[in-house]
Structure formats: structure tokens, C-alpha cells
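A quick write-up on the structure given underneath.
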């Protein structure tokens, strides 16, 4: 008689340990299929996943499909709005049937509120423009007669800003 031997030696996959907890947490928000939460980047696509996150699935009284609520910030909401139908098709493909009939967009600050704190991608730092040496010399000359060092530094900064704006 052949006995099947396990190759895990008592170890379990992390996903099997967390599966029950993720399912219970998702079900409180209406996510019957937690795959929507755990695989959001794959379902929505990398571009749309960077713009919005799923928050809740609510089923209507008539049972004619659910409403998926997405969280995004105000500036990105029009971009998500234009892609709602395509996203609805992709989400329904992940469910395997027409589970989602509507998508509602909730706008909030980039950090979100208490139950929807979503970390959106940070802005890319802008390159600092290089200062023209002639502008720096002219700014120092404009503030050269001032004795107070703090006032002199402030006047030099003001002169640099004014002179650089004139050149642009």
C-alpha cells in the first residue's frame, strides 16, 4: 500500500494561513470574492490600479447586480470616470458573471479617510532649475548695502526671483 508523503514537513503557505482572515475582512465590505482585493492590480490594469482602489461592494434590494465603490482623489476622478465601463467588464470577468452592474466613484484626499486610507503614488520631484550666474551676481549687488544678514538674504532671494522671472 502506497502512502502519500507530504513534502511540506509541517509548513503551510502563507496564503493558506491568511485566507480565512482576508475572506472575513472582505465579506464585511461586501467582497464575496476576495480576489478583487488581492489581485486588484491585475484586474484593473496597472494604469487604472494606480488611480483608484476598491472600497466596497453593495448589493441592491432587487438583486440586479452590485455596486462597486472605488476610492480616488479628486484630480483623478474624471480619468476613472471615463474608464468605468471597461473596468466593470474586467471586474465581472474576474467574478465569472455579471456581478457588478454599477461603479460608484468616491473622491477623497490623497491620504484618504479613516476606513479608506489609500496610498496613491507620490508626485515625482520636479527638477530644480539651474540659476544663471549673472542673475546671482545682480541679486547680490542689489542687496549689498543692507547690513542685517537675514534681511540681506531675503532681499537677495527676492531679487533672484524677480530677475529670473524677467528673463523667462
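A short reminder: the numbers here are calculations on the coordinates, not readings from a lab. Just so it is clear, the model here is predicted, and its values are computed rather than measured. Quick reminder, even Gly has a Cβ in these numbers, built from the backbone with ideal geometry, and neighbours come from all protein chains shown.
Which FRET efficiency, nearest 0.05, do residue 158 and residue 130 yield, Cβ-Cβ r, R0 22 Å? Before the final figure, lay out each step's value.
Values: r = 19 Å, r/R0 = 0.88.
For residue 158 and residue 130, the calculated efficiency is 0.70.
In plain terms, the residue of 104, 166 with the fewest other Cβ atoms within 10 Å comes first and the most crowded comes last, giving 166, 104. Packing here is the average count of other Cβ atoms within 10 Å per residue, and on that basis the peptides 86-98, 142-154, highest first, run 86-98, 142-154. Taking 0.36 nm per residue of separation and subtracting the Cα-Cα distance, full extension of the segment from residue 75 to residue 49 would add 7.9 nm.
Remark: spin-label model distance residue 39-residue 106 equals 2.5 nm, labels positioned 7 Å along the Cα→Cβ axis. Per the Debye formula on identical point scatterers at the alpha carbon atoms of segment 48-110, with no solvent, log10 I(q)/I(0) at q = 0.13, 0.26 Å⁻¹ is -0.33, -1.11.
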